[in-house]
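The values are calculated or read from the model by the stated rules, or taken from the named source; none is laboratory data. Note that the structure is a prediction, hence the values are computed from the model and not measured. Note that each Cβ is placed from the backbone with ideal geometry, even for glycine, and that neighbours are counted across all protein chains shown. When the accessible area is computed, the model is the full protein with side chains, heavy atoms only, and any ligands, DNA or RNA have been set aside. Shrake-Rupley method; radii C 1.70, N 1.55, O 1.52, S 1.80 Å.
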Amino acid sequence: MTSKSVLPDRVRPAAEQPLVRSGVDRASIGALVRKFYSRVRTDKRLGPIFAREIVGDWEPHLEKMTDFWCSVILKSGDYHGRPVPAHMKLNDVTESDFDIWLALFGETASELFIDEIAAVFIERAERIATSLKLAMFFRLRSAASATVE
Ligand code: HEM
């Protein structure tokens with residue numbers, strides 16, 4: 001008789017599932033993106049940062065962000081960019097700017113979706129914000145520059 005392994009056969013966390021709910025589609029996600037960025041653009045702290053980085057036509061950014069959120073929420077595979085380098089170059093952004101970003105995003109999601117769905121958008125945004133902040137503000141000293149006392 002062969003002894004069965006007691007180890008779980010899956011050591012990786014299960015992949016996130018797409019959120020399948022009526023009313024959650026590219027059209028409603030696009031509306032969220034547009035309403036959110038129209039708020040961001042008039043915010044006194046975030047507005048000038050975005051105005052400096054996105055000069056001229058906002059349409060490509062809005063479409064890219066719609067692709068991004070469709071990939072995050074619907075697992076559409078529409079987004080192929082690299083968020084970390086895009087934010088690493090924003091030298092004057094602080095950790096508290098992320099609180100403003102998340103507050104505006106949460107407010108907008110709660111206006112457009114029922115609570116249960118808004119909560120999914122907000123939870124994913126918070127998780128991604130945490131990884132962006134880790135990349136931007138908490139870099140370990142590289143081994144090459146570390147000194148041994
Ligand atoms: C204070 C907070 C934030 C600021 C000031 C900020 C600012 C920006 C700016 C200026 C860009 C455009 C960069 C460019 O086109 O060169 C950008 C791109 C982007 N942002 Fe943010 N962002 C913030 C937080 C977030 C968060 C929390 C998320 C996700 C939940 C996010 C997702 C993205 C994505 C996906 C892109 C496109 C990157 C690419 O593929 O080019 N951002 N952001």
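Here are the numbers:
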read-out: Residue under evaluation Thr2, criteria (1) farther than 23 Å from Ala135 by Cβ; (2) modelled with pLDDT under 95; (3) within 13 Å of the ligand (Cβ to nearest atom), criterion not met; value: (3)
read-out: Within the range 90-101, considering residues that are free of Cβ contacts under 8 Å to residues at least 60 places away in the same chain and near the ligand (Cβ under 7 Å from one of its atoms), the one most open to solvent (accessible area, probe 1.4 Å); value: Ile100
read-out: Pair list, Cβ < 8 Å and 6+ apart or interchain, from the range 49-64 residues that are closer than 13 Å to Gly30 by Cα to residues that are at pLDDT 95 or above and more than 11 Å from the ligand (Cβ to nearest atom); value: Leu62/Gly30; Leu62/Arg34
read-out: Hits in the range 115-128 - residues which are touching a residue at least 12 places away in the same chain (Cβ under 8 Å) and more than 16 Å from Glu16 (Cβ to Cβ); value: Ala118
read-out: Some residue of the range 49-59 being in contact with a helix residue (DSSP H, G or I) (Cβ under 9 Å, 6 or more places away or on another chain) and more than 8 Å from the ligand (Cβ to nearest atom); value: yes
read-out: Enumeration of residues in the range 93-129 that are among the polar types (S, T, N, Q), over 18 Å from Thr42 (Cβ atoms) and part of a helix (DSSP H, G or I); value: Ser96, Ser110
